[in-house]
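Structure, as structure tokens:
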């Protein structure tokens with residue numbers, strides 16, 4: 001089992017560019033989550049999904065969109081990147097309603 | 001979610017027990033206590049959780065006071081690889097969602 005994988009591991013964008021982060025899990029989990037972590041801070045929830053075809057906003061959703069077309073994949077999109085979106089992005093998955101979440105290795109995004 | 005309070009930092013000698021405290025005085029009857037840790041530059045890792053009984057697994061032990069207002073995570077024989085930020089979380093289980101709110105946690109440094 002690979003667990004939770006994230007692509008890419010690193011990315012540098014210029015202000016205004018767009019990109020998509022891919023999260024994949026092979027544990028057949030219903031729930032998936034996107035978090036961001038800024039230096040010296042805890043994780044903040046961006047968006048989450050409780051099943052294929054469903055998504056919902058977390059604490060800090062502005063500037064991001066998500067899609068869950070397949071149960072195993074959860075995509076996070078930035079339509080017009082801003083320097084404030086420079087962060088480390090973590091994806092996680094869990095069984096339905098469970099608080100034991102499994103995290104990916106993260107994507108380090110820098111927006112200049 | 002119940003508010004949790006943890007010390008900002010702690011240190012421990014290698015081979016000794018590391019005892020990480022957490023206060024959750026507003027915890028309600030159906031809220032579990034979860035512990036995660038995050039090793040530098042990696043995604044968070046689930047450690048253990050409990051409701052009111054003490055719990056033990058291959059990673060750690062969790063001691064919850066009888067009034068459930070505080071708990072202690074115990075790493076019985078700390079190693080250098082246990083250096084990480086440790087998060088104590090008490091999510092509200094009335095929701096069907098597995099949302100976690102991460103605070104600043106405790107930076108544990110294990111020294112040789």
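Numbers below:
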item	result
Residue in the range A:71-81 that is at pLDDT below 95, more than 11 Å from chain B (Cβ to nearest Cβ) and within 24 Å of residue B:104 (Cα to Cα) present	no
Options A:45, A:69; residue that is assigned to a strand (DSSP E or B) and either free of Cβ contacts under 8 Å to residues at least 40 places away in the same chain or closer than 18 Å to residue A:108 by Cβ (or both)	A:45
Hits in the range B:46-78 - residues which are within 14 Å of another protein chain (Cβ to nearest Cβ), free of Cβ contacts under 8 Å to residues at least 24 places away in the same chain, part of a strand (DSSP E or B) and within 28 Å of residue A:106 (Cα to Cα)	B:46, B:49, B:50
Filter pass, residue B:89 being surrounded by 13 or more Cβ atoms within 10 Å (Cβ to Cβ), within 21 Å of residue A:58 (Cα to Cα) and either free of Cβ contacts under 8 Å to residues at least 60 places away in the same chain or within 11 Å of another protein chain (Cβ to nearest Cβ) (or both)	yes
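Every residue, every condition in (1) over 30 Å from residue A:88 (Cα atoms); (2) surrounded by fewer than 18 Cβ atoms within 10 Å (Cβ to Cβ); (3) touching a strand residue (DSSP E or B) at 6+ places or on another chain (Cβ under 9 Å), yes or no:
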site	(1), (2), (3)
B:3	no, yes, yes
B:17	yes, yes, yes
B:20	no, no, yes
B:23	no, yes, yes
B:28	yes, yes, yes
B:56	yes, yes, yes
B:59	no, yes, yes
B:74	no, yes, yes
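The values are calculated or read from the model by the stated rules, or taken from the named source; none is laboratory data. Please read these numbers as outputs of a predicted model, since none were measured by experiment. Quick reminder, even Gly has a Cβ in these numbers, built from the backbone with ideal geometry, and neighbours come from all protein chains shown.
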